[in-house]
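Encoded as structure tokens, the structure appears first; notes follow it.
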Amino acid sequence: MKEGWFFVASALVLAAPRLASAQAPSDTALAQKRFEDGKAAFGKGDHAKALAEFEASYAAVTSPNTRLFIARCHRELGHVSTAYTEFKLAAGEAQQRIAAGDKKYVTTRDSAAIEAEELEAKVSRVVVSVPAELPTEFQVMQNGKEVPRAAWGVAVPMDAGKLEFRASGHRVQPFSKTLDLAPGVTERVEIALERVPTARLTVTFATRPTGMSVKLDGGVADADALARGLEVDPGPHAVAVATPGYESWEWKANLSDGQRENLRVELEPLPPPAPKKLPRWIFFTTAGAAVASLAVGSIVAVHGSARASKEEGKDPLVRSPDTKSSIEGEQTAATILFAAGGVLAAGSVALYFFTDWKSADTEKGEKRRTGPELSAGPGTVTLSGRF
């Protein structure tokens, strides 16, 4: 059984002037054969088979006569409103042919009009009424098929029986109504739309560096869609923006029904990384080497000086050239050790400022000492610290 909404569209088509198009001989032969088969089935009272044959014939070649028999089949099958609409359409098609000069369809027009009038009192109709302001993506469905906009607010003939209407749209509660349509009555379906509580969130970006990622409530979000504005449910929401080389940007808030939140993201570049601190052992190793070099150099220098004084107290004729050479070697070694110790000491001073002295752990509730400590005792100098 055809839906009444289809006939609204058909009526609109019939209202526009049409030119008859030539039919291929094969289509005409097929249409004639199916028409004759339909008439034979109709004469035997097999109206369902007759309807299928007439519809096949009409699909091959449109004809007011074929449509007249389609209407009669629906009437015999109890589809009163469908039959009524088909009679009306048959009369309209016949009138178009008559206006084009084909007078043989006068009888068809008159018969269709009379038979439609006979059914008038039995026709059921439905008016679908929609609100004046409609949301985007709004549509009305009846028994799973869309109701065209042209049928909104129009008393459309519908066969009696159970009808289910559904309506939906963006950010509105789904509407549903079941109607048990009785013969010969006109029912009105008032579609009431209830708005879903909605907040609007808009996020604009001062810049969009390469690699920028945006998340809304933990999921990946489209930056362009956020810039246009998104309708969201009231409640807690979060926006996070991450970009290589920039500080992270975050926002969290609870949005209420009807609230419009406009955010602007201005990303701040990360500061240059701080110089990496050196481990403490490098400082202590260098400082220890400096102390050791200076200490050994002092010992060698003192020993060489003592030997030199002893040699000077001897008669020049009995002084040993080998001893002189050994003393000079000790003096040279002491000089080298003093120079190395000085260089290492200077390096230790420089390393002091590049050493990480703040990474000490606590032990037994007391902070460990991590910096170098210089202590003096009788005849000794001690450099200590924790590695």
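The values are calculated or read from the model by the stated rules, or taken from the named source; none is laboratory data. In this text, all values refer to a predicted model and were calculated from it rather than measured experimentally. A quick note on method: Cβ atoms are made from the backbone with ideal geometry, for glycine too, and the neighbour counts reach across all protein chains shown.
Being acidic (Asp, Glu) and within 24 Å of residue 163 (Cα to Cα) is the filter here, so list the residues in region 105-145 that pass it.
Answer for region 105-145, where residues must be acidic (Asp, Glu) and within 24 Å of residue 163 (Cα to Cα): 120, 137.
Listed residues 110, 102; which is acidic (Asp, Glu), over 54 Å from the mean Cα position of the chain (by Cα), farther than 30 Å from residue 145 by Cβ and at pLDDT below 95?
102
Looking at region 124-169, which of the residues that are surrounded by 16 or more Cβ atoms within 10 Å (Cβ to Cβ) and charged (D, E, K, R) is nearest to residue 196 (Cα to Cα)?
Only one residue fits best here, namely 166.
Name the strands (runs of 3 or more DSSP E) wholly within region 195-294 that hold at least 1 residues that are surrounded by 13 or more Cβ atoms within 10 Å (Cβ to Cβ), touching a His at 6+ places or on another chain (Cβ under 9 Å) and in contact (Cβ under 8 Å) with a residue 12 or more places away in the chain?
199-205, 213-216, 249-255, 260-265
Here is a check on your reading of the model: is residue 91 at pLDDT 95 or above and among the aliphatic types (A, V, I, L, M)?
Criteria met by residue 91.
Hey, among the residues in region 170-192 that are at negative phi and part of a loop (DSSP other than H, G, I, E, B), which one's surrounded by the most Cβ atoms within 10 Å (Cβ to Cβ)?
Checked region 170-192; the qualifying residue surrounded by the most Cβ atoms within 10 Å (Cβ to Cβ) is 191.
Can you confirm whether region 4-17 contains a residue that is farther than 30 Å from residue 186 by Cα, modelled with pLDDT under 95, within 50 Å of the chain's Cα centre (by Cα) and of a type outside the set (D, E, K, R)?
yes
Of all residues in region 130-176, how many are among the polar types (S, T, N, Q), out of contact with any Lys or Arg (no Cβ under 6 Å at 6 or more places or on another chain) and under 30 Å from residue 230 (Cα atoms)?
Residues in region 130-176 being among the polar types (S, T, N, Q), out of contact with any Lys or Arg (no Cβ under 6 Å at 6 or more places or on another chain) and under 30 Å from residue 230 (Cα atoms): 4 in total.
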